[in-house]
Amino acid sequence: MKFRLALFVASASGFIALSYEILWYRLYSFVSWGAPRAFGSLLAAYLFGIAIGSFRARAYCDEQGQPATRARMLVLARFLFLSNMLSFAVAPVLGYAATVTHWLYSLVAVALATTLLGAVLPLVCHFAIAPDDRVGARLSYLYLANILGSTAGSLLTGFVAMDVMSTRSIAVTLGVLGVGLAAAVLVQSGLSTMKVLSHGVEFAVVAVGMVVLSHTLFDQLYERLLFKERFTKDVHFVETIENRSGVIHVTDDGRVWGGGAYDGAINTSLVSNQNWIERAFAVSELHPEPKSMLMIGLASGSWAEVLANAPGLEKLLIVEINPGYVELIARHPEVASVLRNPKVEIVIDDGRRWLLAHPAAKFDAIVMNTSWHWRAHMSDLLSTEFLEIARAHMSAGGLLFYNTTSSHDVFKTAVTVYPYALRVVNFVAVSDSPIAFDKERWKRLLLEYRIDGERAIDPSKKEDSAALDGLLDLADSVNRPPQDYGLESRDSLISRMSDGTVITDDNMACEWREYFPDAF
């Protein structure tokens, strides 16, 4: 095998292999709702396949098993061809498997695909390096080429392709590139013209088949991954946004799903109230007339729309890591006005990183409608270290209000760090100053609240009046035994959450508890 060709194959195969891994991780993170175990499980299957493939490649390297010189190139071409066929099939296999069994079982397909991918580099090294005094140098060049290709695959696929291409398009592109690489090796094999043509036709048919069948194979892929055994053919997302930061979907009932996990609903109405939007209104009750607010996470824009219209607000800074949510909000009139509100500034960044980069910034209220506590990286926003970072950015009497998703670990961490706390449904409000939830002030706030000039509650309307009664009852719930929909004092939280673990950056406790990724 010509050494220049070997360098090219080592580099290109590394590019393709790591690109597939990036693509697969997106899908496995999605199907698991972003569970921490997804990456470790995928990596284990991936490396297991690489190891087995590398080990089994010795059968073609032993003296007795050594194929004829020209046949060696055909062996390599077949490995490249078959490995890309299987790698292309992993995504559809995962989609269909998720509807009938647990997603972990589909990792068998990953292991099979990477078994063939793992055999490629050892075979290239064996077929291209002559047994002379330059063995070490040539081996290092091939490994360097493979590393450079792998790095390029991670960067270009993860940061470029995923910003401009869909999952299906990336899979098709990688599949065709892989088959093309196999064809390039075949052409250089030195086999007879008829044999090259016969195998070439086979490769071409498969490449065309990938393109043509991809629409069917990838149809409703994300619907299958999300709804799993509940999936039916009539289930379709009405909106899909894919970029390098993640995947966003919207169902026909206005629910938003980010990376496979429920992210809220597009709704600002206290009457229809499918998303417990009263929690957003409660910010102005817990801290009367906050002038400056920071909101980490934009999601559906419903909370941003409510907070942007808070009485007395002068500035709302929103830090969101995924620019796709800005695109989503612009499509929905109910929340789109937040993008034009002069009080609102949206920054695309990681919330924790932004706070650390702006140590002088101070806010009357910091709000986080955080995702499920057991998702990967959630410790970054729920740990004692982060709560101390937030404290440093709170003005005198400032408030931190965030979603616990009912985790005892999150509640216990909150009451451990802050001397004052109040549970509001599944949120917790914490501060270094006393927190009160006054019924009369709550009533005045609801009656005076305007969103884009429209009253949030109009008591002259029957439905609004009934909704108002329920909202006012929320203020009285602090005096009753704890219930899911209600208020709860810090003392009660300390007693009830004693079984929780204080979350730190080191223990990441919330991410390694039992989770329920199929809960709707």
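The values are calculated or read from the model by the stated rules, or taken from the named source; none is laboratory data. Keep in mind that this is a model prediction, so the values were computed, not measured. Neighbour counts are summed over all protein chains in view; Cβ atoms, including those assigned to glycine, are modelled from backbone coordinates with ideal geometry.
Listing for the model above:
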{"item": "Residues of region 278-319 satisfying the condition of being β-branched (Val, Ile, Thr) and either more than 15 Å from Tyr449 (Cα to Cα) or modelled with pLDDT under 95 (or both)", "result": "Ile296, Ile318, Val319"}
{"item": "The listed residue being surrounded by 12 or more Cβ atoms within 10 Å (Cβ to Cβ) and either within 30 Å of the chain's Cα centre (by Cα) or outside the structural domain of Ile22 (by TED's automatic domain parsing) (or both), out of Phe231, Phe203", "result": "Phe231"}
{"item": "The listed residue being within 24 Å of the chain's Cα centre (by Cα) and closer than 14 Å to Leu493 by Cα, out of Ser407, Ser379, Ser371", "result": "Ser407"}
{"item": "Test result for Ser106, closer than 25 Å to Met1 by Cβ and assigned to a helix (DSSP H, G or I)", "result": "no"}
{"item": "From Leu493, Leu487, Leu474, residue being within 15 Å of Phe281 (Cα to Cα), modelled with pLDDT of 95 or more and out of contact with any Cys (no Cβ under 8 Å at 6 or more places or on another chain)", "result": "Leu487"}
{"item": "Region 378-410 - residue that is in contact (Cβ under 8 Å) with a residue 40 or more places away in the chain and in a loop (DSSP other than H, G, I, E, B) and, of those, surrounded by the fewest Cβ atoms within 10 Å (Cβ to Cβ)", "result": "Ser406"}
{"item": "Residues located in region 349-362, provided they are touching a helix residue (DSSP H, G or I) at 6+ places or on another chain (Cβ under 9 Å) and either surrounded by 16 or more Cβ atoms within 10 Å (Cβ to Cβ) or touching a residue at least 40 places away in the same chain (Cβ under 8 Å) (or both)", "result": "Asp350, Gly351, Arg352, Leu355, Ala361"}
{"item": "Number of positions in region 477-510 that are among the hydroxyl-bearing types (Ser, Thr, Tyr) and touching a strand residue (DSSP E or B) at 6+ places or on another chain (Cβ under 9 Å)", "result": "3"}
{"item": "Residue check for Arg255: among the basic types (Lys, Arg) and assigned by TED's automatic domain parsing to the domain that holds Ile296", "result": "no"}
{"item": "Region 206-228, residues that are surrounded by 17 or more Cβ atoms within 10 Å (Cβ to Cβ) and among the aliphatic types (A, V, I, L, M)", "result": "Val206, Ala207, Met210, Leu217, Leu221, Leu225, Leu226"}
{"item": "Conditions (1) under 25 Å from Arg444 (Cβ atoms); (2) outside any loop (DSSP other than H, G, I, E, B): number failed by Glu242", "result": "(1)"}
{"item": "Test: Thr193 is of a type in the set (Val, Ile, Thr) and over 30 Å from Arg72 (Cβ atoms)", "result": "no"}
{"item": "Residue list for region 439-480, filter: exposed (fewer than 13 other Cβ atoms within 10 Å of the Cβ), closer than 16 Å to Glu289 by Cβ and either in contact (Cβ under 8 Å) with a residue 24 or more places away in the chain or β-branched (Val, Ile, Thr) (or both)", "result": "Glu448, Arg450"}
{"item": "Inter-residue pairs, beta-carbon under 6 Å, first within 9 Å of Val120 (Cβ to Cβ) and in region 5-21, second at pLDDT 95 or above and outside any helix (DSSP H, G or I), 6+ apart", "result": "none"}
{"item": "Unique match (being assigned to a loop (DSSP other than H, G, I, E, B), modelled with pLDDT of 95 or more and more than 25 Å from the chain's Cα centre (by Cα)) among Asn341, Asn273", "result": "Asn341"}
{"item": "Qualifying residue in region 20-40 (condition: touching a strand residue (DSSP E or B) at 6+ places or on another chain (Cβ under 6 Å) and either over 30 Å from Cys510 (Cβ atoms) or at pLDDT below 95 (or both))", "result": "yes"}
{"item": "Residue in region 78-123 that is surrounded by the fewest Cβ atoms within 10 Å (Cβ to Cβ), counting only those that are under 23 Å from the mean Cα position of the chain (by Cα) and aromatic (Phe, Trp, Tyr)", "result": "Tyr105"}
{"item": "Selection count where residues are part of a helix (DSSP H, G or I) and farther than 17 Å from Gly178 by Cβ, scope region 189-200", "result": "6"}
{"item": "Only listed residue being surrounded by 16 or more Cβ atoms within 10 Å (Cβ to Cβ), without any contact (Cβ under 8 Å) to a residue 12 or more places away in the chain and either out of contact with any strand residue (DSSP E or B) (no Cβ under 9 Å at 6 or more places or on another chain) or closer than 16 Å to Ser83 by Cβ (or both), chosen from Val176, Val196, Val135, Val172", "result": "Val196"}
{"item": "The listed residue being over 21 Å from the mean Cα position of the chain (by Cα), over 20 Å from Ala330 (Cβ atoms) and touching a residue at least 24 places away in the same chain (Cβ under 8 Å), out of Ala261, Ala282", "result": "Ala282"}
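Quick grid of which residues meet (1) small (Gly, Ala, Ser); (2) farther than 21 Å from Leu23 by Cα; (3) touching an Asp or Glu at 6+ places or on another chain (Cβ under 9 Å):
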| site | (1), (2), (3) |
| --- | --- |
| Thr173 | no, no, no |
| Val176 | no, no, no |
| Lys195 | no, yes, no |
| Glu202 | no, yes, no |
| Ala207 | yes, no, no |
| Met210 | no, no, no |
| Leu217 | no, no, no |
| Leu221 | no, no, no |
